[in-house]
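The values are calculated or read from the model by the stated rules, or taken from the named source; none is laboratory data. Because the structure is predicted, anything quoted here is derived from the model rather than measured. Every residue, glycine among them, receives a Cβ derived from its backbone with ideal geometry; neighbour counts consider all protein chains shown. Just the protein is used for accessible areas: all its heavy atoms, side chains included, with ligands, DNA and RNA removed. Shrake-Rupley method; radii C 1.70, N 1.55, O 1.52, S 1.80 Å.
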Amino acid sequence: MKIVVTGGAGFIGSHVVDRLMASGADVVVLDNLSSGSLKFIEPHLRRENFEFHKVDLATSASDITPLLDGADEVWHLAANPDVRVGVERPEVHFKHNIVATYNVLEAMRRNDVRRIVFTSTSTVYGEATQLPTPEDYGPLIPISLYGASKLACEALISAYAHTFDMQAWIYRFANVVGRRSTHGVIFDFIKKLQANPRELEILGDGNQTKSYIYIDDCVEAMFFGLKASEVVNVLNIGTEDQVTVRRIAEIVCEELGLVGGKMPEFRFTGGRRGWRGDVPLMLLDISKLKNLGWRPRHNSEEAVRRATRDLLEELKLQRR
Ligand code: NAD
């Protein structure tokens, strides 16, 4: 089995690569290393069943077509995942999410590759009035350029699947946290507290309440979801509870040993959202995946605590 993983040097992608390599598959990683890192896939670099190509998927389908030669499946994770970028530079999500996905699908069509696994997001639901939000919730009205770009990708994938006899697994993730994460609220809080342990700036009013899933649960769910056998399988991946941004700040402080008299002052920037396009309430209905037999092992708060410990370990930070 030859499997192409785009974005395979990134946070989630590198965990997918570990698992595919452990299964004995031939793995080809395509990544432009914009936010990914070779150190995440370092153990595989010299293995015979592994190839890495530094390539920008947004450039052209022709450039990537030869790289998909002989592939059985594509796991397409490459994207710009930073919602905030869309406010300053809307073209980024258009190019690296929509155009890149089109180029990947074209390269698949030209090579007759029939299976695609795609990482989408809860942000496609916009500000859903139904929580937990099931996969068939609608209309889908994203409020960020990122959410819009992922919804466009989902539409392209569905159309390619139906037009060119492909099969697709589209996973809509809650917030994924854990080892090798290089962005997101936990990462931000750690960085800020490293710079100034006496004060922590929290974007919004701290009451944003969302679901967080630990990386190992997320990757497990992605492989589990392959049991679904429709032409296009849309599946939510998340936990069944939520945690507030204020609570995440407390957990990060606890894990850094900033408790009691050492607790920093929380300074809220105010407003329901952390930034334009931020969806303040998010909880996904995961019954579809549960019906296939999958359950998350960790709830949101456990996921956040584990991820904080992971990141502190990676950053080699000591408790104060
Ligand atoms: P990440 O930034 O660590 O990984 C993205 C990878 O794609 C990086 O290695 C980056 O270098 C690569 N990349 C970006 N643009 C590229 C391009 N044009 N050509 C080639 N490579 C390119 O982010 P992640 O958190 O691991 O996200 C992986 C996927 O999961 C993304 O599609 C993201 O939208 C989706 N997702 C993530 C979360 C989350 O909470 N982390 C939630 C929902 C969806």
Once the piece of chain linking THR182 and ARG276 is laid out straight, how much longer is it, given 0.36 nm per residue of separation minus the C-alpha distance between them? 31.7 nm
Given R₀ = 45 Å, what would the calculated FRET efficiency be for ASP241 paired with ARG110, taking r from the Cβ atoms and rounding to 0.05? 0.55
Grab every C-alpha pair in the range 127-200, bin the distances at 10 angstrom width from 0 up to the longest one, and report whole percents. 14, 31, 29, 17, 6, 2
Find the eigenvalues of the gyration tensor of the Cα atoms of the range 1-94, then list the square roots of 5 times those eigenvalues as equivalent ellipsoid semi-axes, largest first, in whole angstrom. 24, 15, 10
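Assuming R0 = 51 Å, can you tell me the calculated FRET efficiency for the pair LEU315 and VAL231, based on Cβ-Cβ distance, to the nearest 0.05?
About 0.70, to the nearest 0.05.
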In nanometres, what is the gap between the two model label sites at GLU127 and GLU48, each 7 Å from Cα along Cα-to-Cβ? 5.8 nm
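Order these peptides, 246-258, 129-141, by their mean beta-carbon neighbour count within 10 angstrom, highest first.
246-258, 129-141
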Taking the Cα centre of the range 217-276 as origin and charging only Cβ (+1 Lys, Arg; -1 Asp, Glu), how large is the dipole, in debye to the nearest 20? 480 debye
Checked the chain against the a/c 1.5 cut and the a/b vs b/c comparison, axes a ≥ b ≥ c from its Cα gyration tensor; verdict prolate
Solvent-accessible area, 1.4 Å probe, carbon plus sulfur percent, for the chain: 48 percent
The chain: calculated mean residue ellipticity at 222 nm from DSSP helix runs of at least 4, using -39500 (n - 2.57): -9500 deg cm²/dmol
Under the definition of Cα pairs under 8 Å and six or more residues apart, what whole-number percent is the relative contact order of the chain? 18 percent
Nonlocal amide H pairs with VAL117, under 5 Å, H built at 1.01 Å: VAL74, TRP75, HIS76, TRP169
Label point distance in nm, ASN207-ASP136, each placed 7 Å from Cα along Cα→Cβ: 3.4 nm
Subset of LYS54/LYS150; LYS54/LYS191; LYS227/LYS288; LYS95/LYS191; LYS150/LYS227 violating a 18 Å alpha-carbon distance limit: LYS54/LYS150; LYS54/LYS191; LYS95/LYS191; LYS150/LYS227
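Would you mind giving the average projected area, over all directions, of the Cα convex hull of the range 239-296 in nm² with one decimal? All intermediate terms of the calculation are to be shown ahead of the outcome.
Values: hull surface 23.3 nm².
That works out to 5.8 nm², a quarter of the Cα hull's surface.
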Result for the range 181-304: accessible area per residue, probe 1.4 angstrom, in square angstrom, of 43 Å²
Between the range 1-69 and the range 213-284, what's the alpha-carbon centroid distance in Å? 26 Å
Assuming R0 = 30 Å, can you tell me the calculated FRET efficiency for the pair ARG267 and ARG89, based on Cβ-Cβ distance, to the nearest 0.05? 0.65
Label-point separation, ARG19 to LEU38 (7 Å along Cα→Cβ), nm: 2.7 nm
Taking 2.2 N^0.38 Å as the expected size of a compact globular protein, what ratio does the Cα radius of gyration of the range 162-241 give against it, to two decimals? 1.49
Would you kindly state how much longer the chain becomes between ALA195 and ASP69 on full extension, computed as 0.36 nm times their sequence separation minus their alpha carbon distance, in nm to one decimal? 40.6 nm
Could you report the range 1-63's accessible area per residue, 1.4 Å probe, as an integer in Å²? 45 Å²
